[in-house]
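Scroll down for the structure; my scribbles are underneath it.
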Amino acid sequence: MHLILIGLRGSGKSTAGRATADLVSRPFIDLDDRTEAICGVNATICFAERGEIAWREAESSALRRSIDEPAPSIIALGGGTPTAPDAAEMLQKAQRNGQAKIIWLKGTPANLAARIADEAGRPALSDLEPTEEMRVMLERRGPIFEALADAEVDVDDRPLSAVVAELVSLIS
């Protein structure tokens, strides 16, 4: 069974996912990397030149391929992946079929904004200030994450090792 990590950007999906995969000797899939490979450009360029819809369509394709991987993997989704065309349905089907357990890495807007403050390469999703943007994204995506998640892991003010230990405990 795949362990699929969802959450807003900055929640540590890739970082905690990689560390968890290493600890339990599973393949790690960063869906953003697979989506970039399909698009041929990174998210910032894709959003600017082709629009968000092109990125989300590529994300859906990358998600489908990742769920179909035969080896149980740790899969870190992009923050908006569950909003991509057919993504929520694919994720729910994988849950029903016993192919996936979905974990929401959950943080407050202020903490998530602080985590990504110095990171380049993440396209702005609005003209709002980062904490307000996170609040708006949580308001929009939170109900989707909650509906999909088999469990939630709080990432606020917790060391990576504690988050990874909790993810490992959720694998079984």
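Among the residues of segment 61-110 satisfying the criterion of being out of contact with any helix residue (DSSP H, G or I) (no Cβ under 9 Å at 6 or more places or on another chain) and of a type outside the set (D, E, K, R), which is farthest from residue 25 (Cα to Cα)? If we take residues in segment 61-110 being out of contact with any helix residue (DSSP H, G or I) (no Cβ under 9 Å at 6 or more places or on another chain) and of a type outside the set (D, E, K, R), then 97 is farthest from residue 25 (Cα to Cα). Go through segment 104-118 and give me each residue that's within 28 Å of residue 64 (Cα to Cα) and surrounded by fewer than 20 Cβ atoms within 10 Å (Cβ to Cβ). Answer for segment 104-118, where residues must be within 28 Å of residue 64 (Cα to Cα) and surrounded by fewer than 20 Cβ atoms within 10 Å (Cβ to Cβ): just 116.
Of all positions in segment 128-144, at least one carries a residue that is at pLDDT below 95, of a type in the set (S, T, N, Q) and either more than 12 Å from residue 10 (Cα to Cα) or in a helix (DSSP H, G or I) (or both). You will find that of 43, 48, 71, the residue that is touching a residue at least 12 places away in the same chain (Cβ under 8 Å) and surrounded by 14 or more Cβ atoms within 10 Å (Cβ to Cβ) is 43 and no other.
Yes/no matrix, rows are residues, columns are (1) closer than 18 Å to residue 145 by Cα; (2) at pLDDT below 95:
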{"residue": "1", "(1), (2)": "no, yes"}
{"residue": "20", "(1), (2)": "no, no"}
{"residue": "23", "(1), (2)": "no, no"}
{"residue": "45", "(1), (2)": "no, yes"}
{"residue": "51", "(1), (2)": "no, yes"}
{"residue": "66", "(1), (2)": "no, no"}
{"residue": "89", "(1), (2)": "yes, no"}
{"residue": "93", "(1), (2)": "yes, no"}
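In segment 92-105, the residues that are touching a residue at least 12 places away in the same chain (Cβ under 8 Å) and on the phi > 0 side of the Ramachandran plot reach residues that are of a type outside the set (Val, Ile, Thr) and surrounded by 14 or more Cβ atoms within 10 Å (Cβ to Cβ) with C-beta atoms within less than 9 angstrom, at least six apart or across chains, in these pairs: 98/1.
Restricting attention to segment 153-172, and to residues there that are among the charged types (D, E, K, R) and in contact with a helix residue (DSSP H, G or I) (Cβ under 8 Å, 6 or more places away or on another chain), which single residue is nearest to residue 8 (Cα to Cα)? Outline the logic, then answer.
Our first condition is that a residue be among the charged types (D, E, K, R); within segment 153-172, this holds for 154, 156-158, 166.
From what's left, in contact with a helix residue (DSSP H, G or I) (Cβ under 8 Å, 6 or more places away or on another chain): 156-157.
Details: 156: 13, 157: 16 Å.
My answer is 156.
The residues of segment 84-103 that are buried (at least 16 other Cβ atoms within 10 Å of the Cβ) and either touching a Lys or Arg at 6+ places or on another chain (Cβ under 7 Å) or of a type in the set (Asp, Glu) (or both), listed by number, are 84, 90.
The values are calculated or read from the model by the stated rules, or taken from the named source; none is laboratory data. Just so it is clear, the structure is predicted and the values come from calculations on it, not from any experiment. A quick note on method: Cβ atoms are made from the backbone with ideal geometry, for glycine too, and the neighbour counts reach across all protein chains shown.
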